[in-house]
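J.: My questions all concern the structure below.
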Amino acid sequence: MAQKPEGLPQHIQHYIGGELVDSANGELFDVLEPTTNEAYIQCALGDSADIDRAVAAAKKAFDEGPWPRMLPRQRASILYKIADEVTKIKDQLAQIESFDSGLPIRQTQGQANRAAENFRFFADLIVAQVDDAFKMPGRQINYVNRKPKGVAGLITPWNTPFMQESWKLAPALASGCTLVLKPAEFTPTSASLWNGIMERAGVPEGVFNIVYGTGKGAGDALVKHPDVRLISFTGSLATGKVIYGNCAENMKHMSMELGGKSPAVIFEDADFEAALDSTLFGVFSLNGERCTASSRILVQRSIYDKFVEAYAERAKKIVVGEPSDPKTEIAALVHPEHYKKVTSYIEIGKQEARLVAGGGRPAHLPEGNYVEATVFADVPPTARIFQEEIFGPVVCITPFDTEEEALELANNCVYGLASYVWTRDIERAHNFASGIEAGMVWINSHNVRDLRTPFGGIKGSGLGHEGGYRSLDFYSDQQSIHVTLGDVHTTRFGATGYADNDLGLGGPSA
Ligand code: NAD
């Protein structure tokens with residue numbers, strides 16, 4: 001096993017009501033290091049008793065504490081301090097994240113910066129927040145009274161865990177909610193840095209709580225808790241369906257960011273080299289454990305052979321190595337269970353299509369969850385590797401002849417998260433983008449985010465959109481307040497009956 005990062009606790013504890021605590025039943029689980037799959041730390045295994053304690057702390061902080069009552073500017077200044085605290089420990093954070101999740105160190109450094117940026121962004125946004133007001137001269141003024149919704153349950157996945165957590169924490173806190181975070185069980189370690197960050201930044205006790213454990217244990221209890229008003233979930237489609245059902249009982253607000261199988265469509269007039277670079281990065285960065293990965297590349301037939309050959313050549317040269325090595329481009333997959341899933345898809349792919357690069361474990365890395373950059377060509381749309389999310393360094397390439405065929409192939413999938421269109425024809429670019437069934441389309445680019453834009457998928461990729469003001473909307477109730485400015489016309493039931501000019505609807509209208 002590589003050198004353990006410094007500054008780790010003896011074991012990871014829940015953080016409830018401002019205190020580090022063990023599970024009520026004292027149970028722990030092993031956390032594995034993905035280059036050897038040896039346990040390197042233990043973590044508290046929470047269940048419903050711990051969720052009850054955490055939700056009670058969050059509810060008390062919401063009902064009685066200062067956080068929901070602060071001015072946006074006051075909360076924003078604390079969010080700025082959180083960002084500064086993240087920035088101060090970004091090297092340690094990147095090391096822990098890389099060690100725990102198996103992501104290449106250069107990429108976890110980028111994710112640490114992005115986590116800090118998420119707090120600065122939502123701090124700015126909450127101060128600039130405006131809400132609607134409508135006036136009917138002489139009759140009524142109507143305005144939106146924005147209020148934090150209450151206790152939020154945040155459930156996050158293991159890919160880029162700290163950054164994913166920040167993407168939910170920042171808008172929830174900015175909006176004035178209190179919360180319970182349930183991080184993914186494969187990667188709890190970087191989350192254990194949050195409590196120190198929150199304390200040093202001055203987040204009041206009970207506002208931020210964290211309970212570790214499995215989905216079926218702590219996650220399920222959080223979703224079903226009657227005092228949790230909303231669930232923001234990022235994870236797989238299968239889990240999303242279960243949570244959707246479980247939220248119904250208490251009519252919870254839900255936001256779901258689920259899986260993807262995103263197409264990159266490359267027309268013959270595209271900038272060939274740029275499309276090549278972008279689609280390689282798009283699927284092989286973050287070990288391919290990336291929800292917006294361009295994992296189905298559709299290429300116009302006139303440039304198909306040239307593209308497949310160039311793509312395979314580059315994929316063969318991708319450096320697979322230790323997570324801590326700055327030269328590494330793909331490191332170790334997060335967990336042996338996930339390694340098994342990805343490699344079993346590679347075996348399925350060998351029966352379904354033509355393998356042109358990679359295909360298994362690299363010879364120089366005999367242990368740990370390492371997989372080569374793997375490329376399949378001539379993949380039929382009926383293939384499982386074309387339809388199902390693999391979530392590893394595996395890509396499908398499929399030819400098309402016409403624009404219509406490309407659109408049909410792009411949309412022939414249960415998912416609809418991201419998509420990428422490569423062409424120099426401006427009309428085609430816009431029209432094709434509009435026809436794609438996906439929540440997000442990038443034209444001539446991989447995933448470069450403007451945090452103000454909606455983020456999220458359609459079809460099997462999710463419900464609702466977060467990003468920019470939409471995140472603040474999700475974490476707040478928008479109450480309409482109607483104020484009468486003059487006499488209100490009222491039909492006088494039981495007095496005079498209907499007047500001739502009375503429609504029986506009462507009230508003015510614009
Ligand atoms: P997962 O669904 O297995 O787990 C996600 C989280 O849900 C974990 O914290 C888990 O403990 C919890 N969970 C599991 N069952 C639960 C239940 N019954 N009730 C409550 N919580 C439960 O997903 P994963 O394997 O950790 O993450 C990978 C998936 O996440 C991929 O499908 C990926 O595409 C998706 N993802 C989507 C986005 C996006 O923004 N759309 C971003 C990142 C990852």
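J.: Of everything in the range 25-41, what is crowded, with 16+ Cβ neighbours inside 10 Å, in contact (Cβ under 8 Å) with a residue 24 or more places away in the chain, under 24 Å from G153 (Cα atoms) and more than 24 Å from the chain's Cα centre (by Cα)? Give them in sequence order.
T.: F29
J.: Among the listed residues E352, E367, E408, E372, which satisfies the condition of being out of contact with any Asp or Glu (no Cβ under 6 Å at 6 or more places or on another chain) and either within 16 Å of the ligand (Cβ to nearest atom) or without any contact (Cβ under 8 Å) to a residue 12 or more places away in the chain (or both)?
T.: E408
J.: Mind checking whether some residue in the range 444-467 is basic (K, R), within 16 Å of the ligand (Cβ to nearest atom), modelled with pLDDT of 90 or more and open to solvent by less than 60 Å² (accessible area, probe 1.4 Å)?
T.: yes
J.: Within the group A57, A49, A24, A44, which residue is out of contact with any helix residue (DSSP H, G or I) (no Cβ under 9 Å at 6 or more places or on another chain), under 25 Å from T214 (Cα atoms) and outside the structural domain of V334 (by TED's automatic domain parsing)? Walk me through how you get there before you give the answer.
T.: Details: A49 fails: out of contact with any helix residue (DSSP H, G or I) (no Cβ under 9 Å at 6 or more places or on another chain); A24 fails: out of contact with any helix residue (DSSP H, G or I) (no Cβ under 9 Å at 6 or more places or on another chain); A44 fails: out of contact with any helix residue (DSSP H, G or I) (no Cβ under 9 Å at 6 or more places or on another chain).
From the options A57, A49, A24, A44, the qualifying one is A57.
J.: Additional query: Would you check which residues across the range 119-166 are surrounded by fewer than 19 Cβ atoms within 10 Å (Cβ to Cβ), of a type in the set (A, V, I, L, M) and either within 26 Å of the chain's Cα centre (by Cα) or within 16 Å of the ligand (Cβ to nearest atom) (or both) and list them?
T.: Once the filter is applied, which keeps residues that are surrounded by fewer than 19 Cβ atoms within 10 Å (Cβ to Cβ), of a type in the set (A, V, I, L, M) and either within 26 Å of the chain's Cα centre (by Cα) or within 16 Å of the ligand (Cβ to nearest atom) (or both), the range 119-166 yields V127, A128, V130.
J.: Starting from residues that are touching a Gly at 6+ places or on another chain (Cβ under 8 Å) and open to solvent by 50 Å² or more (accessible area, probe 1.4 Å), keep the ones in the range 342-382 and report whichever is nearest to N287 (Cα to Cα).
T.: Among those residues, the one meeting the criterion is E372.
J.: Among (1) away from the ligand (no atom under 16 Å from the Cβ); (2) assigned to a loop (DSSP other than H, G, I, E, B); (3) not aromatic (F, W, Y), which single condition is T279 missing?
T.: So the condition that T279 fails would be (2).
J.: Let me ask something additional. Check the range 294-307 and report whether any residue there is within 27 Å of T156 (Cα to Cα) and either over 24 Å from the mean Cα position of the chain (by Cα) or part of a loop (DSSP other than H, G, I, E, B) (or both).
T.: yes
J.: Could I ask something else about it? Does I51 qualify as being open to solvent by less than 70 Å² (accessible area, probe 1.4 Å) and either more than 21 Å from I231 (Cα to Cα) or charged (D, E, K, R) (or both)?
T.: On the way: open to solvent by less than 70 Å² (accessible area, probe 1.4 Å): yes; either more than 21 Å from I231 (Cα to Cα) or charged (D, E, K, R) (or both): no.
Spelling it out, it is not the case that I51 is open to solvent by less than 70 Å² (accessible area, probe 1.4 Å) and either more than 21 Å from I231 (Cα to Cα) or charged (D, E, K, R) (or both).
The values are calculated or read from the model by the stated rules, or taken from the named source; none is laboratory data. Since the structure is predicted, the reported quantities are computational estimates derived from the model, not experimental observations. For neighbour counting, all protein chains shown are included, and Cβ atoms are generated from backbone atoms with ideal geometry for every residue, glycine included. The protein model used for the area step is the full one, side chains on, heavy atoms only, and it has no ligands, DNA or RNA in it. Shrake-Rupley method; radii C 1.70, N 1.55, O 1.52, S 1.80 Å.
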